[in-house]
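The block underneath contains the structure these notes are about, expressed in C-alpha cells.
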Amino acid sequence: MTSKAITTLRSVLSAMVATARGVSRTRIILTTTAAVILVAVALLVPLPTAVQLRDWASSVGPWFPLAFLGGHVVVTVFPFPRTAFTLAAGLLFGPALGIVIVVVASTISAVIALLLVRALGWQLTGVVSHPAVASVDARLRARGWPAILSLRMIPAVPFSVLNYAAGASAVRLTPYLLATLIGLLPGTTAVVVLGDALTGNVSPLLALVSLCTATLGIGGLVHEVRQHRLHPAPAHGAPGVETDTEPATTA
C-alpha cells in the first residue's frame, strides 16, 4: 500500500510539472500576484481587537451588526483567522445574535472565496492531469459535502485554505454552502459562548468541545477516504458519475 501511494504521488508530481510547463506566462504571473497579495494582506494588515470593535460599535450605532457582518465577510475572504471576529461577536452581540452573524458571514465569505478561485480559472484538474486526481475530483463533484462538512468541524484546518482548495475542486456550490453552514455551527457556537474576548481566557469546556468536533470531523473524513478507496469515482463524464448542470468554473 505504501509503495503504491509513493508511486501515485510521484506520478502526480510529474503530471504537475508537465502541466506547469504548458501554462501561459500570463496565468503564472496572475496567480503569483494574487497569492502574494493575499499573503501580504494577511501578514501586514492588523486585525482590530475586541475592545476596538466595541468602541467602533458605539460610534456606528444601530447599523453596527450589519457593518460587522460586512467587515467579517470581506476580511475573511483573505487568509485571516476567524477567531478574532468570533470572539468579538459574542462580546458585542451576545450568544444568539453573535452566532448567527458569525455563521452567516463566514458562509458568505466561504462562497465568495470559492467563486473567486473559479473565476480565476484555478482548477485542480487543469493543473494536474492524472487519473487519481481526476477520480478524487469526480468524487467531490458527485459527493463533496461529507468531506467539506468533516473538514469544517476540524479546528486545525484553516478556514481560508479550505475555501481556496474547494474552489479549485469540482465540489458543487449548493452542497458546499450547506456543508459549510452546518460544519461551522458547532465550533462557532462553542467559541462565542465559551470564549472571553476581553481577557483572552477561555473555558476548559471549549477545548473539550473542540476535541469532540475534531473527532467527529476526522471520523467522517476517514470514512469518506475509505469509501473512495473502495469505490473510486471515474473521471467526470464517465458512466456512473452523476452529471451536473452547474459548471465547475465560472470563468
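Quick look at the values:
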{"item": "Residues that are part of a helix (DSSP H, G or I) and either modelled with pLDDT of 85 or more or surrounded by fewer than 17 Cβ atoms within 10 Å (Cβ to Cβ) (or both), drawn from the range 194-205", "result": "Pro204, Leu205"}
{"item": "Looking only at the range 83-95, and only at residues there that are under 20 Å from the mean Cα position of the chain (by Cα) and surrounded by fewer than 22 Cβ atoms within 10 Å (Cβ to Cβ), the one that is farthest from Leu185 (Cα to Cα)", "result": "Ala84"}
{"item": "Qualifying residue in the range 215-236 (condition: under 22 Å from Ile148 (Cβ atoms), hydroxyl-bearing (Ser, Thr, Tyr), touching a helix residue (DSSP H, G or I) at 6+ places or on another chain (Cβ under 8 Å) and modelled with pLDDT of 85 or more)", "result": "no"}
{"item": "Hey, Leu151 over 21 Å from Gly187 (Cβ atoms), modelled with pLDDT of 85 or more and in a helix (DSSP H, G or I) or not", "result": "no"}
{"item": "Selection count, the range 156-171, where residues are surrounded by 19 or more Cβ atoms within 10 Å (Cβ to Cβ) and part of a loop (DSSP other than H, G, I, E, B)", "result": "3"}
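The values are calculated or read from the model by the stated rules, or taken from the named source; none is laboratory data. Small disclaimer: the values here were computed from a predicted structure and weren't measured. Because the Cβ atoms are built from the backbone with ideal geometry, glycine has one as well, and the counts that use them run over all protein chains shown.
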